[in-house]
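Written below as structure tokens is the structure these notes are about.
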Amino acid sequence: MRAAEEYRAELAAAHDLGEVTRLARKAAREVTGAQGATFVLREEDSCFYADEDAIAPLWKGQRFPITSCISGWAMLNHQTAVIPDIEQDDRIPLQAYRTTFVRSLAMVPVGEPVSVAAVGAYWSVSRRPLKARVAELERLAALIAEAVDRVGLENAPWAPTFRR
């Protein structure tokens with residue numbers, strides 16, 4: 001597994017939001033050792049699942065109301081969400097997870113003071129992720145936030161409508 005810091009140069013060299021997005025989802029999976037990872041962008045009152053790296057398709061390209069998904073919760077509350085068992089946490093919309101491999105997860109907001117994105121890692125078994133892995137994901141989120149600030153949220157390949 002790579003450490004978040006090892007992605008600093010790659011994220012600093014990213015030319016656009018699409019490149020930051022691809023690096024974010026790849027790095028999230030590698031720093032956590034997860035079976036899946038996602039990068040989610042905030043679009044006004046919704047969450048856009050911009051990219052993922054997973055053992056099976058999840059939600060790439062889909063939008064959900066910001067108040068009905070865990071990435072939205074992380075962004076709205078500016079807090080990391082660690083969910084050892086998706087069936088035991090009322091912040092999880094179980095109907096969206098039933099057909100997936102996801103059984104536990106960590107979701108970290110990206111950006112301060114306003115979260116403009118979230119980066120998440122998923123596991124196929126119910127488990128509490130190691131604190132060190134969650135800390136790496138949080139360090140990665142800070143590096144991603146720097147990259148997003150530098151390249152901006154405009155001109156994304158999927159034409160989001162952001163509001164900070």
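Bear in mind that the values in this text are calculations on the coordinates, not laboratory data. Since the structure is predicted, the reported quantities are computational estimates derived from the model, not experimental observations. Here the Cβ positions follow ideal geometry from the backbone for every residue, glycine too, while neighbour counts run over all protein chains shown.
From the list V40, V20, which one is touching a Cys at 6+ places or on another chain (Cβ under 6 Å) and either buried (at least 22 other Cβ atoms within 10 Å of the Cβ) or under 24 Å from P113 (Cα atoms) (or both)?
Going through V40, V20 in turn, just one is touching a Cys at 6+ places or on another chain (Cβ under 6 Å) and either buried (at least 22 other Cβ atoms within 10 Å of the Cβ) or under 24 Å from P113 (Cα atoms) (or both): V40.
So which residues in region 16-58 are outside any helix (DSSP H, G or I), under 13 Å from the mean Cα position of the chain (by Cα) and either farther than 22 Å from E138 by Cβ or without any contact (Cβ under 8 Å) to a residue 40 or more places away in the chain (or both), if there are any at all?
Y49, D51, E52, D53
Hey, A96 hits all of (1) within 23 Å of V31 (Cα to Cα); (2) assigned to a helix (DSSP H, G or I) but one; which does it fall short on?
Going through the list (1) within 23 Å of V31 (Cα to Cα); (2) assigned to a helix (DSSP H, G or I), A96 breaks only (1).
Criterion first (basic (K, R) and surrounded by 18 or more Cβ atoms within 10 Å (Cβ to Cβ)) does R98 satisfy it?
no
Could you tell me whether any residue of region 151-164 is surrounded by fewer than 21 Cβ atoms within 10 Å (Cβ to Cβ), hydrophobic (A, V, I, L, M, F, W, C) and more than 18 Å from L23 (Cα to Cα)?
Looking through region 151-164, at least one residue is surrounded by fewer than 21 Cβ atoms within 10 Å (Cβ to Cβ), hydrophobic (A, V, I, L, M, F, W, C) and more than 18 Å from L23 (Cα to Cα).
Return yes or no: is V108 within 12 Å of T80 (Cα to Cα), surrounded by fewer than 24 Cβ atoms within 10 Å (Cβ to Cβ) and touching a strand residue (DSSP E or B) at 6+ places or on another chain (Cβ under 9 Å)?
It is false that V108 is within 12 Å of T80 (Cα to Cα), surrounded by fewer than 24 Cβ atoms within 10 Å (Cβ to Cβ) and touching a strand residue (DSSP E or B) at 6+ places or on another chain (Cβ under 9 Å).
Among (1) under 15 Å from the mean Cα position of the chain (by Cα); (2) surrounded by 15 or more Cβ atoms within 10 Å (Cβ to Cβ); (3) not in a helix (DSSP H, G or I), there is one condition G61 misses while meeting the rest; what is its number?
Only one criterion in (1) under 15 Å from the mean Cα position of the chain (by Cα); (2) surrounded by 15 or more Cβ atoms within 10 Å (Cβ to Cβ); (3) not in a helix (DSSP H, G or I) is unmet by G61, namely (2).
Looking at A54, A74, can you tell me which residue is hydrophobic (A, V, I, L, M, F, W, C) and over 24 Å from E146 (Cβ atoms)?
Of A54, A74, the one residue that is hydrophobic (A, V, I, L, M, F, W, C) and over 24 Å from E146 (Cβ atoms) is A54.
Exactly one of these conditions fails for W73: (1) among the aromatic types (F, W, Y); (2) out of contact with any strand residue (DSSP E or B) (no Cβ under 8 Å at 6 or more places or on another chain); (3) under 14 Å from L105 (Cα atoms). Give me its number.
(2)
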